[in-house]
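Engineer: Here's a structure for you.
The values are calculated or read from the model by the stated rules, or taken from the named source; none is laboratory data. Predicted model only: the values in this text are computed from it and were never measured. Neighbour counts are summed over all protein chains in view; Cβ atoms, including those assigned to glycine, are modelled from backbone coordinates with ideal geometry. Keep in mind that these areas ignore ligands, DNA and RNA; they rest on the heavy atoms of the full protein, side chains included. Shrake-Rupley method; radii C 1.70, N 1.55, O 1.52, S 1.80 Å.
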Amino acid sequence: MKRKMLVLVSVATAATLMWPGPASGETSLGGYTGTATAIPIHVVVIDPVIPLPSDPQVDVGVGFTRSSVDTGPVSRATASYLWPGNVLGDGFGQLVGGDAQYPIQVNSKYPATDAAPAKNLAQLTDGNGMYTDDNDTTTHAKVVGLGIAGPDTNIFSNIGKGLGKLFGNKKDASVSVPVPVEVSRTLAGIVTLQNVVSESTATLGPKTFTTSAHATASDISLLGGLISINGFDMTAKSVSDGKKAVNTGHAEIGGIGIAKNLITLGDGSINLGSAHIKLPALPDLLVNSLKEIGISIQSMQTTHTEDGASGTFAAQGLVITVDTKPLRSALNAPFGILGQIISMLPSNPLTQQLSSLLNLAPKFVITIGDVSTSASASPAFTGGGFPTGPTGGGSNGDGGGSVSGGGVPIGSGSVPPSTPGTQPPASTPQPTQNASLELPGLGKIPRLVILGALALVAAAAWLFRMLGGFLLGAGRNCAYGLSTGVPDLRKG
Amino acid sequence: MTQVEHDHNHNHAAPRSAPPILELINVHAAYGRIEVLRGVDLTVPRGAVLALLGANGAGKTTLLRVISGLMEPTEGDIHLGGMHVSGASPDALTRAGVTMVPEGRGVFPNLTVEENLWLGSYSGRHVDKILTEAYHRFPRLKERRRQLAGSLSGGEQQMLSLARALAADPALLLLDELSMGLAPLIVESLYDRVAEIAEQGVSILVVEQFASSALRVADYAAVMHGGRVVATGEPDEIESVLTELYFGGTA
């Protein structure tokens with residue numbers, strides 16, 4: 001028995017002496033958590049009649065990406081050309097039973113698993129598909145698509161043949177001609193679009209933890225062509241260095257067209273900024289006309305919080321709410337305002353496209369450009385007490401910055417590092433820290449000091465165990481001379 | 001432990017060379033001013049099943065609460081595996097290998113069967129292993145794994161409670177009124193599982209009001225009355241003591 005113990009102690013000592021020390025690329029952060037989500041087009045259907053255990057009942061994200069990281073790191077990247085909401089997407093197996101997974105998605109995890117390898121992809125053609133990759137520093141999900149088209153696919157199949165090719169994580173491109181993904185008439189009635197890019201990234205740098213989301217698309221056609229948008233580009237970013245979090249974002253939305261008539265606002269486009277930037281008003285005629293047929297448009301909604309080392313940011317480019325009841329009435333009235341609008345459409349069979357759609361639900365909400373990020377980190381213990389940087393009650397400032405190139409920076413005033421993982425710029429206020437209290441990195445401590453410390457800890461543990469035993473015995477010894485403490489009964 | 005004792009002298013039947021897994025010496029406990037345990041002496045040898053019998057109010061459940069650390073004794077000594085543990089906390093005792101299946105099952109009704117079993121993984125065992133073992137031992141739980149525990153039948157809830165206790169890999173299992181509210185056939189089936197668990201070397205202290213099932217699987221038995229252990233011995237010996245206690249000597 002003693003010989004075994006001696007061998008064990010020798011092996012442990014040798015292992016300690018040969019321990020290579022931490023890798024240089026490791027983060028100095030003690031803990032971190034965050035998620036980035038990008039959804040270029042987000043359609044939500046609210047109809048309590050639909051028998052699904054979620055609210056809203058239908059939640060469809062076109063070009064969904066999500067990257068989340070927790071301390072460890074333990075991370076997951078998910079990319080889906082068509083995401084049915086988290087309830088159905090993540091809980092598909094529970095809803096349908098068995099171990100089934102929602103098919104139109106790829107995942108990567110760190111640590112990697114068979115179902116979610118470090119790199120994963122499913123694509124229709126080269127560069128047109130869903131991609132994820134994940135390692136100990138970067139979690140990344142991307143959807144690149146040539147868009148969604150609305151051909152005469154079988155309405156009962158609901159998913160067109162193009163989308164079907166993404167089933168089963170097929171890794172090889174089997175279609176040589178790049179074509180937009182074909183979807184059902186119902187979905188195409190709600191939205192078609194081109195050049196979709198959705199990307200979410202979480203990066204663990206040496207001193208910062210960063211999450212970023214990017215969504216863009218062009219030639220967006222909503223409600224069978226009733227509303228069109230030239231394009232949009234949205235970004236969001238949260239950075240935490242363990243002491244302070246900073247959010248930033250950028251939004252750009254092109255012209256909006258109603259019934260093919262482009263309505264330009266501002267400088268050839270609608271520039272949407274953060275809450276404190278006054279939006280150019282939509283023309284009253286347009287707003288009132290749309291309201292009469294049950295459509296309301298809200299532009300640029302952002303929420304962001306910075307609370308010490310935690311930051312969250314969410315931005316939505318355009319939120320279009322459609323109340324189908326007045327729309328259905330308008331559609332049936334030949335001389336109503338919708339009739340006038342339809343008459344302006346040169347060739348689009350709007351009535352046909354919308355008729356099946358309007359039987360769907362009392363209300364649906366279409367969000368153009370839905371991006372959100374969150375990042376929270378805490379510093380590693382340095383032996384010098386708690387960090388002395390700014391804590392809690394961070395500003396909720398709506399930031400701002402100058403408008404340029406039709407885009408508007410949104411978020412807080414200070415700018416985070418532009419490259420994930422790099423240090424904040426010099427202008428970022430750095431919390432003061434007493435250098436004399438900093439401990440050297442583990443790799444720089446002499447091995448004998450580590451061994452000595454371990455021996456001290458072991459001795460202290462033994463003393464505490466004895467003390468604990470004394471306390472557990474309510475301060476008295478056993479009347480029968482037994483030692484006091486809690487044994488491991490499993491050792492027999 | 002072959003001698004039937006009708007007093008509350010010590011009952012040290014285990015061989016002195018190997019300390020018993022549980023030894024209680026003159027244990028007293030009270031709820032406020034009401035003394036419930038009045039000097040309990042009891043020994044559970046390692047690997048044995050001991051059935052602790054007695055009428056309602058005899059102090060059986062209180063004794064289990066004291067052993068599992070949920071209640072502090074006011075006097076006396078508790079030894080586990082040859083060490084003095086009086087006053088140890090419930091979590092320390094659970095880590096040491098003492099696990100209790102409480103009266104009324106204690107399942108979480110709003111969690112699924114599987115989620116209830118996951119709770120056993122706090123002991124440090126891998127959840128896959130816990131589930132595999134539980135479903136192997138109780139196939140019915142596998143059929144019900146996605147179902148809320150509150151929607152299970154009484155017998156199924158008792159299976160779940162037992163499976164969750166076993167998830168902690170106990171060395172000493174304390175079972176409180178396993179048969180309560182269950183049909184006789186279900187009770188027999190549960191005690192069959194208890195016998196299997198005992199065969200794997202787990203020491204078991206089972207508290208029961210209804211003696212026959214517990215005595216069927218027990219190696220030893222003890223009778224409590226008025227807060228004391230009034231008789232200990234082998235099951236067949238104890239049956240006659242019970243008859244005397246309950247029916248005044250008539251069978």
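Engineer: If the requirement is being within 21 Å of A:S372 (Cβ to Cβ) and acidic (D, E), which of these qualifies: A:D114, A:D99, A:D70?
Structural biologist: Selected residue: A:D70, the only one of A:D114, A:D99, A:D70 that is within 21 Å of A:S372 (Cβ to Cβ) and acidic (D, E).
Engineer: Just wondering, is there one or more residues in the range B:90-112 that are closer than 29 Å to A:R465 by Cα, exposed (fewer than 14 other Cβ atoms within 10 Å of the Cβ) and either within 11 Å of another protein chain (Cβ to nearest Cβ) or touching a helix residue (DSSP H, G or I) at 6+ places or on another chain (Cβ under 8 Å) (or both)?
Structural biologist: Yes, there is a match, as at least one residue in the range B:90-112 is closer than 29 Å to A:R465 by Cα, exposed (fewer than 14 other Cβ atoms within 10 Å of the Cβ) and either within 11 Å of another protein chain (Cβ to nearest Cβ) or touching a helix residue (DSSP H, G or I) at 6+ places or on another chain (Cβ under 8 Å) (or both).
Engineer: OK, next. Can A:G452 be described as modelled with pLDDT under 70 and either more than 9 Å from chain B (Cβ to nearest Cβ) or open to solvent by less than 60 Å² (accessible area, probe 1.4 Å) (or both)?
Structural biologist: No.
Engineer: Then there's this: Would you confirm, using the coordinates I've provided, whether B:G76 is in contact with a helix residue (DSSP H, G or I) (Cβ under 6 Å, 6 or more places away or on another chain), within 10 Å of chain A (Cβ to nearest Cβ) and either over 24 Å from A:G481 (Cβ atoms) or open to solvent by less than 20 Å² (accessible area, probe 1.4 Å) (or both)?
Structural biologist: Criteria not met by B:G76.
Engineer: Looking only at residues that are of a type in the set (A, V, I, L, M) and farther than 29 Å from A:D136 by Cβ in the range A:198-239, which one is nearest to the chain's Cα centre (by Cα)?
Structural biologist: Checking each candidate, the answer is A:A217.
Engineer: Could you grab the pairs with beta carbons closer than 9 Å, sequence gap of 6+ or different chains, first residue in the range A:316-329 and over 20 Å from A:G249 (Cβ atoms) and modelled with pLDDT under 80, second one of a type in the set (D, E) and in a helix (DSSP H, G or I)?
Structural biologist: Pairs found: A:P326/A:E292.
Engineer: Restricting to the range B:126-150, name every residue that is more than 16 Å from B:A165 (Cβ to Cβ), away from chain A (no Cβ under 14 Å) and loosely packed, with under 14 Cβ neighbours inside 10 Å.
Structural biologist: Scanning the range B:126-150 gives B:H126, B:T132, B:P139, B:G150.
Engineer: Looking at (1) at pLDDT 90 or above; (2) open to solvent by less than 80 Å² (accessible area, probe 1.4 Å), can you tell me which one B:V4 breaks?
Structural biologist: It fails just one condition, (1).
Engineer: Of B:S123, B:S153, B:S161, which residue is away from chain A (no Cβ under 14 Å) and more than 16 Å from the chain's Cα centre (by Cα)?
Structural biologist: Answer to the check: B:S153.
Engineer: A follow-up question, please. Considering only residues of the range B:191-220 that are over 13 Å from the mean Cα position of the chain (by Cα) and part of a loop (DSSP other than H, G, I, E, B), which is modelled with the lowest pLDDT?
Structural biologist: It comes out as B:F210.
Engineer: Report whether or not B:S86 is touching a Pro at 6+ places or on another chain (Cβ under 8 Å) and away from chain A (no Cβ under 13 Å).
Structural biologist: Spelling it out, it is not the case that B:S86 is touching a Pro at 6+ places or on another chain (Cβ under 8 Å) and away from chain A (no Cβ under 13 Å).
Engineer: Being within 16 Å of B:L172 (Cα to Cα) and within 14 Å of chain A (Cβ to nearest Cβ) is the filter here; which residues of the range B:57-73 pass it?
Structural biologist: Answer for the range B:57-73, where residues must be within 16 Å of B:L172 (Cα to Cα) and within 14 Å of chain A (Cβ to nearest Cβ): B:V66, B:I67, B:S68, B:G69.
Engineer: With respect to B:G47, is the statement that it is part of a loop (DSSP other than H, G, I, E, B), within 14 Å of chain A (Cβ to nearest Cβ), within 19 Å of B:L162 (Cβ to Cβ) and not charged (D, E, K, R) true?
Structural biologist: When the stated conditions are applied, B:G47 passes them.
Engineer: Can you report the number of residues in the range B:166-188 which are away from every other protein chain (no Cβ under 12 Å), under 16 Å from the mean Cα position of the chain (by Cα) and either polar (S, T, N, Q) or surrounded by fewer than 20 Cβ atoms within 10 Å (Cβ to Cβ) (or both)?
Structural biologist: So the count comes out to 2.
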